[in-house]
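Comments concern the structure below.
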């Protein structure tokens, strides 16, 4: 497997229809009319993914006030996402992509470096999608710690 195709600002965001933590379908078109922060993470309830999810949770009010909805995306099944959501009091949708088709379409699944080795997996990534479904920002290989604060700064969103 080679490095996945990456999205760039101005690209149409690949549409999707995935199940959320409650088993309900959610599509990107359902979210049209608002800007969306779609973030891809490797696995619910792991230390880095928990840090990142809790940072988004703690920043949700300021992001929503700036017109941004937050959606998490991982290959975890809905049951695991529901457990993660409930355990960490997450109040934004978590979507399940067990086939990794959407992660791949966003360039968030493929070869990456992990502890100096090349492995295949979810590439921690964040996308800002405008109200018309166009990619505003695409950030790949982001760090779990501090990424949400950096994103808020980059977007001019006050804490």
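The values are calculated or read from the model by the stated rules, or taken from the named source; none is laboratory data. Predicted, not measured: the structure shown is a model, and the values here were computed from it. A quick note on method: Cβ atoms are made from the backbone with ideal geometry, for glycine too, and the neighbour counts reach across all protein chains shown.
For the stretch 37-47, a residue qualifies if it is touching a strand residue (DSSP E or B) at 6+ places or on another chain (Cβ under 9 Å) and not in a loop (DSSP other than H, G, I, E, B), and the qualifying residues are 37, 38, 39, 40.
Applying the condition of being touching a strand residue (DSSP E or B) at 6+ places or on another chain (Cβ under 6 Å) and part of a loop (DSSP other than H, G, I, E, B) to the stretch 115-130 and asking which residue is nearest to residue 43 (Cα to Cα) yields 123. When residue 112 is tested against (1) over 14 Å from residue 38 (Cα atoms); (2) under 15 Å from the mean Cα position of the chain (by Cα); (3) in contact (Cβ under 8 Å) with a residue 24 or more places away in the chain; (4) not in a helix (DSSP H, G or I), just one condition goes unmet, and that condition is (2).
Suppose we filter the stretch 55-74 for residues that are part of a strand (DSSP E or B) and under 12 Å from residue 37 (Cα atoms); how many remain?
Within the stretch 55-74, the subset part of a strand (DSSP E or B) is 68-74.
Then keep just the ones that are under 12 Å from residue 37 (Cα atoms); that gives 68-73.
Residues meeting the conditions: 6.
Taking the options 149, 144, 82, name whichever one is over 21 Å from residue 12 (Cα atoms) and assigned to a loop (DSSP other than H, G, I, E, B).
144
Could you pull out the residue among 99, 50 that is assigned to a helix (DSSP H, G or I) and either farther than 20 Å from residue 129 by Cβ or modelled with pLDDT under 95 (or both)? Unique residue meeting the criteria: 50.
Contact map, the stretch 13-36: first residue in contact (Cβ under 8 Å) with a residue 40 or more places away in the chain and on the phi > 0 side of the Ramachandran plot, second residue outside any loop (DSSP other than H, G, I, E, B) and buried (at least 17 other Cβ atoms within 10 Å of the Cβ), Cβ cut-off under 7 Å, separation 6 or more or different chains; pairs are 23/78. Any residue at all in the stretch 66-77 that's in contact (Cβ under 8 Å) with a residue 60 or more places away in the chain, within 23 Å of residue 155 (Cβ to Cβ) and crowded, with 18+ Cβ neighbours inside 10 Å? So far as the stretch 66-77 goes, yes, one or more of its residues are in contact (Cβ under 8 Å) with a residue 60 or more places away in the chain, within 23 Å of residue 155 (Cβ to Cβ) and crowded, with 18+ Cβ neighbours inside 10 Å. For the stretch 64-77, state whether one or more residues are in contact with a helix residue (DSSP H, G or I) (Cβ under 6 Å, 6 or more places away or on another chain) and more than 20 Å from residue 133 (Cβ to Cβ). Checking the stretch 64-77: not a single residue is in contact with a helix residue (DSSP H, G or I) (Cβ under 6 Å, 6 or more places away or on another chain) and more than 20 Å from residue 133 (Cβ to Cβ).
Restricting to the stretch 10-21, and then to whatever is part of a loop (DSSP other than H, G, I, E, B) and closer than 15 Å to residue 102 by Cβ, can you tell me which residue is farthest from the chain's Cα centre (by Cα)? Full working, then the answer.
Going residue by residue through the stretch 10-21, those that are part of a loop (DSSP other than H, G, I, E, B) are 10-11, 13-16, 21.
Adding the requirement that they be closer than 15 Å to residue 102 by Cβ leaves 11, 13-16.
Values: 11: 17, 13: 13, 14: 13, 15: 14, 16: 13 Å.
Only one residue tops the list, namely 11.
Is there a residue in the stretch 22-36 that is exposed (fewer than 13 other Cβ atoms within 10 Å of the Cβ), part of a loop (DSSP other than H, G, I, E, B) and at pLDDT below 95? Checked against the condition, which is being exposed (fewer than 13 other Cβ atoms within 10 Å of the Cβ), part of a loop (DSSP other than H, G, I, E, B) and at pLDDT below 95, the stretch 22-36 yields at least one hit. Checked against the criterion of being over 13 Å from the mean Cα position of the chain (by Cα) and over 30 Å from residue 118 (Cβ atoms), the candidates 7, 31 yield just one match: 31.
Would the stretch 121-134 turn up any residue that is touching a helix residue (DSSP H, G or I) at 6+ places or on another chain (Cβ under 9 Å), surrounded by fewer than 19 Cβ atoms within 10 Å (Cβ to Cβ) and within 16 Å of residue 52 (Cα to Cα)? Within the stretch 121-134 (the criterion being touching a helix residue (DSSP H, G or I) at 6+ places or on another chain (Cβ under 9 Å), surrounded by fewer than 19 Cβ atoms within 10 Å (Cβ to Cβ) and within 16 Å of residue 52 (Cα to Cα)), the answer is no, since none of the residues qualifies.
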